[in-house]
Amino acid sequence: MAGLYLHIPFCKQKCHYCDFHFSVSRRQLPEMIQAMKRELVLRKDELTETIETIYWGGGTPSLLDERAYAELFETLYKHYKVGEEPEITLEANPDDLDKQKIKLLQDLSFNRISIGIQSFHDDELQMMNRVHTAKDAEYAVLRAQDAGFQNITIDLIYGMPQSNASKWEYNVEKFLQLQIPHLSSYALTVESKTALEHLIKIGKIAAVEEQLAFQQFHTLRNMMKQNGFDHYELSNYALPGFQSRHNVSYWKEKPYLGFGPSAHSFHETTRSWNVSNNAQYIKHLDNGELALEYEQLSVQERYNEYLMTGLRTKWGVDTRKIESNFGKECKIYFEKGALKYLNNQQLLYINNYEIVVNPEFYFSIDGIIADLFWV
């Protein structure tokens, strides 16, 4: 099993919290599609595995027109072995999902939509500089459902400066009322060189409070658990049968290729990534060259990445795999570090050979994982 990721680096406007690579100018969009087609062809022999998931992210891939989708799909299916029932996800903004766009997505065989809602409160959306309104968000979900889309996920952000307990509960309740089978929810983080960082520094937006995020995280966990959702990864909840197959493949170290500026790829012990510059990316591909940098991961780096991804999930990490993949020394090192959590703090627990983080401590998970890294 393997996955493909297509990064579409264009947006209508920049959200205040975002530090992803994209451009608000779509002047280079036609050249970008041609460059991505060339990259798909040049890298066709990098994966021999069957492609089971295709994820269109960004940026805002819901900005594309029918021709752009069709050209990329045609190139992809011509040069890659795609399974019979792949999961094909499109990230979309609510304001793009009118009836015509939803019908187009169905005709193009998209079977999963990830809608970037972030909040059902207009004041919070305005603070984030989102294009859509709360009503736009709700109507986008309803239109997709009415058209027959069942596999829908949305994003919600907790810990926002102007939020409180009742506003956050309303967000979660609205999600549940809409009967959406999957949720990705993240704490608001202040990334370097973003508009949010600047606005906090000059006092136009209040600083992010960790205690508020902590409380809202646990409110979310409890409400989702009460409604039958599986908290299968730190930021992801799903009803039975609706886990993100693409993201699970990341967390379980399956190979994947990423296409487009800034997109990352992984296969066995090698990681690679494209240049984070639209003009440079297009120029390289126009010349028939890849715009990639490569990194050969050491045993210690692979071990640390295995912990970083595995311990964020309900499956945890397997001590047998640690020994077989990274050596006995890594296993001894891990068990020594994990022992104090198992015996004294109950942050970790054992499930057969698997070591799993107690979900009650997920909010502190980064510190736990860092403590177990090989440094």
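Derivation of every value follows stated rules applied to the coordinates shown; laboratory data play no part. Since the model is a prediction, treat every value here as computed from it, not as a measurement. In this analysis, Cβ positions are derived from the backbone assuming ideal geometry, glycine residues included, and neighbour counts consider all displayed protein chains.
Remark: relative contact order (the chain) = 16 percent; criterion is Cα-Cα distance under 8 angstrom and separation of 6 or more residues.
A cut-off under 13 angstrom between Cβ atoms defines the neighbours of residue 89, and their net charge, with Lys, Arg +1 and Asp, Glu -1, is -2. Convex hull volume per residue, computed on the Cα atoms of the chain, equals 149 Å³. If you take every residue apart from residue 79 with its C-beta less than 12 Å away from the C-beta of residue 79, what net charge results, scoring Lys and Arg +1 and Asp and Glu -1? Every neighbour counted, the sum reads +2. Projecting the Cα atoms of 308, 337, 361 onto the charge dipole of the stretch 299-375, computed from C-beta unit charges around the Cα centre, puts 337 farthest toward the positive end. Here the dipole of the stretch 1-124 is about 480 debye; that uses its Cα centre as origin and unit charges on the Cβ of Lys and Arg (positive) and Asp and Glu (negative). For the stretch 172-326, the fraction of alpha-carbon pairs lying more than 26 Å apart is 50 percent, rounded to a whole number.
With both partners inside the chain, how many of the DSSP beta bridges are antiparallel, as a percent to the nearest 5? Around 45 percent antiparallel, to the nearest 5.
Can you find, among 25, 94, 59, the residue farthest towards the positive end of the dipole of the stretch 2-250? Put +1 on the C-beta of Lys and Arg, -1 on that of Asp and Glu. It is 25, whose Cα lies furthest towards the positive end. The Cβ shell under 12 Å around residue 61 holds other residues with a net charge of -2, Lys and Arg each +1, Asp and Glu each -1. The sum of -39500 (n - 2.57) across all DSSP H runs of n ≥ 4, divided by the residue count of the chain, sets its helix-only mean residue ellipticity at 222 nm to -12000 deg cm²/dmol. Measuring nothing but how far apart in sequence close Cα pairs (under 8 Å, 6+ apart) lie, relative to its length, the stretch 5-112 scores a relative contact order of 32 percent.
Evaluated with a Cβ-only charge set (Lys, Arg +1; Asp, Glu -1), the chain carries a dipole of roughly 100 debye about its Cα centre, given to the nearest 20. Residues whose amide H lies under 5 Å from that of residue 348, counting only those 5 or more places away or on a different chain, are 342, 358; hydrogens are built 1.01 Å from N in the peptide plane. Scanning the chain for cysteines with no neighbouring cysteine C-beta under 4.7 angstrom from their C-beta gives 11, 330.
With viscosity 0.890 mPa s and temperature 25 °C, the Kirkwood radius over alpha carbon pairs of the stretch 210-287 converts through Stokes-Einstein to a diffusion coefficient of 156 µm²/s.
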